[in-house]
Amino acid sequence: MTEKIVPNILVGVTAEPKNGKTHFAMTFPDPIKVFSFDIGADFVRGKFPKKQIDIQNFFIPIIDSDPPPPYAEKMWNEFKAMYKKDIESHQYKTVIIDTATALWQVIHQGYTEEKQRKKILEVEYYVPNLRMNSIFQAARLSGTNLVTTQYIGAIYEHGEDTGAKKIQGWGQTAGAVDIDLWLEAIDKGETHINRATIKKARFGRELNGAQFDDLTYTRLMALLGV
């Protein structure tokens, strides 16, 4: 009997802090590599004792000056080299970027440091955009699962909070992934569930807007018919 080939998938997971983004990401197939720009991945890894989950931490320094002291260009180059090596070696089935919100800040600030200016011009954003997009495309072409986590940000108009929400970080994330997934922690007495909303699915578009409680990689792939 021929073994079923399971395609790789790119998923963006967006939620408020501590709403289950990293936990969901770690339900993906191992071995897993986590590029962690936020504290917390090491703790969540403890909930998956049977999985091989390797974590590379990047610590963003405390910023107390304007402009901040140079740090991002060096961090981006270190990340880029490690990511390229891990993707091309095919030693991991899944790569997690936690959070891509923070990575986008590093890419943006790193390019600003390259230009040796306090900020870059709007027309110069094509380079940071290309760098961020290349992360998604490298995973897609290598056959590696990629999960990026993002925070939720408010949408303001004329200085007022509209009540609507958006991905905090790279604005093109939803278009770069196969599944744009948002999570919300819901308390139910002494327990809580993580409710997932599929905002957009490249495959199985009938799932757009559907909600599922305590979603995992296995269930997600079953929903997609894989």
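Structural descriptor for the range 20-94: relative contact order 39 percent, calculated from alpha carbon pairs under 8 angstrom and at least 6 residues apart.
Beyond 21 Å, what share of the Cα-Cα pairs of the range 137-222 remains, rounded to the nearest whole percent? Of all Cα-Cα distances in the range 137-222, 42 percent exceed 21 Å. Go through 50/200; 33/84; 33/188; 165/199; 74/166; 118/165 and tell me which ones have a Cα-Cα distance over 21 Å in this structure. Beyond 21 Å: 50/200; 33/188; 74/166; 118/165. Neighbours of residue 71 by Cβ distance under 12 Å: Lys/Arg scored +1, Asp/Glu scored -1, total -2. The residues of the range 151-226 have, on average, 60 Å² of accessible surface per residue, using a 1.4 Å probe with all protein chains present.
Here residue 59 sits with roughly 150 square angstrom of accessible surface, probe radius 1.4 Å. Taking the alpha-carbon centroid of each part, what is the distance from the range 115-132 to the range 12-40 in angstrom? Taking the Cα centre of each part, the range 115-132 and the range 12-40 sit 27 Å apart. So for the range 1-160, what percent of the C-alpha to C-alpha distances run longer than 25 Å? Result: 36 percent of Cα pairs exceed 25 Å.
By a 1.4 Å probe calculation restricted to protein chains, residue 140 has an accessible surface near 70 Å², given to the nearest 10.
Can you work out D for the range 67-184 in µm² s⁻¹ from Stokes-Einstein, where Rh is the Kirkwood radius over C-alpha pairs, the temperature is 37 °C and the viscosity is 0.692 mPa s?
Details: Rh = 15.6 Å.
The estimated diffusion coefficient comes to 210 µm²/s.
The label point for residue 127 and the one for residue 174, both projected 7 Å from the Cα toward the Cβ, are 2.9 nm apart.
Could you work out the local net charge near residue 202, counting Lys and Arg as +1, Asp and Glu as -1, over the other residues with Cβ closer than 14 Å to its Cβ? Don't jump to the answer; show the numbers that get you there.
Values: positive: 140, 199, 200, 205; negative: 178, 180, 206.
Net local charge, residue 202 excluded: +1.
Each Lys or Arg adds one and each Asp or Glu subtracts one; over the other residues with Cβ under 12 Å from the Cβ of residue 53, this totals +2.
The values are calculated or read from the model by the stated rules, or taken from the named source; none is laboratory data. Quantities reported herein were computed from a predicted structural model and do not represent experimental measurements. No Cβ is skipped: glycine too gets one built from the backbone with ideal geometry, and neighbour counts run over all protein chains shown. Surface areas here come from the heavy atoms of the whole protein model, side chains and all, with no ligands, DNA or RNA. Shrake-Rupley method; radii C 1.70, N 1.55, O 1.52, S 1.80 Å.
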